[in-house]
Amino acid sequence: MGAVLTLQVAINFVSPLIPRYLIGLSARDTFILEFSSTMVCLILAGKVGSNIASEVGTMRITEQIDALEIMGLNSASYLILPKIVAALITFPILSLLSTILGILGGFLIALSTDVVTVYDYIHGLHYAFVPFYVTYSIIKICFFSVIITSISAFQGYYTFGGALEVGKSSTKAVVYSIIVVLLFNLILTKLLLT
């Protein structure tokens, strides 16, 4: 994504009035503000969300959750809380890794082609850096991790019927998670950046 973004920005910045270092700045800010938090979570909503919903849903229809409740355990906290905590730990790490790899991809394009010089790209990465953008990205991904795991666990926990309903719950978990992530992306951007 970083390589493609750098190429597209470089191709579209054709005016001699636009400094070439803005290519690096655009790549940096795009990855920090949107791609690494929102796009990664949309991908994770599909993978992690469907996995959680189908796992918990299968436990519900095979009566494993009922067995936990008969033993006196709070099945929701026993099954769902560890998933939320794991998401709160791993999602920000994946987001930061995505940012680093995206910016590195842009650097490799600067290194291997002549669309932008390495100096201009690196200058753009450093130019007018706002450290709060990284904090903003981590805040967003933490919210998104709770949203994805909560919605997916809810869909799986309240699955009744058979295998067909588990599949439906898994699909609903992904769709609802994506919609709520996009909605909260707008809300958090409005609250934190304006």
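Axis of helix 2-12 versus longest Cα principal axis of the chain: the two differ by about 40°, to the nearest ten degrees.
Please give the peptides 135-141, 149-155 ranked by average Cβ packing (other Cβ atoms within 10 Å per residue), highest first, as a rough proxy for protection.
By packing density, highest mean first, the sequence is 149-155, 135-141.
Our summary gives the stretch 2-193 a relative contact order of 40 percent, counting only alpha carbon pairs under 8 angstrom and 6 or more residues apart.
Rounded to the nearest 0.05, what FRET efficiency do Y158 and L101 give with R0 = 41 Å and r taken as the Cβ-Cβ distance? Could you check?
0.65
Across L68, L25, L125, mean-square fluctuation computed from a Gaussian network of the chain (C-alpha pairs under 10 Å connected) peaks at L68. Each Lys and Arg adds +1 at its Cβ and each Asp and Glu adds -1 at its Cβ; summed about the Cα centre, the chain shows a dipole of about 220 debye.
Computed from Cα positions, the angle between helix 163-193 and the longest principal axis of the chain comes to roughly 40 degrees. For the charge dipole of the stretch 2-193, defined by +1 on Lys and Arg C-beta atoms and -1 on Asp and Glu C-beta atoms about the Cα centroid, which residue among L25, T149, S50 has the Cα displaced farthest towards the positive pole? Farthest along the dipole direction, towards plus: L25.
Of the residues P131, P16, P92, the one that moves most in a GNM of the chain with alpha-carbon contacts below 10 Å is P16. Extension gain for I18 to V175 (0.36 nm times residue separation, less C-alpha to C-alpha distance): 52.5 nm.
When the chain is treated as a GNM with alpha-carbon contacts under 10 Å, the residue of F144, F184, F129 showing the greatest mean-square fluctuation is F129.
Rule-based calculations on the coordinates, nothing more; no lab input. Just so we're clear, the structure is a prediction, and the values are computed from it rather than from any experiment. Don't worry about glycine lacking a Cβ; one is built from the backbone with ideal geometry, like all the others, and counts go over all protein chains shown.
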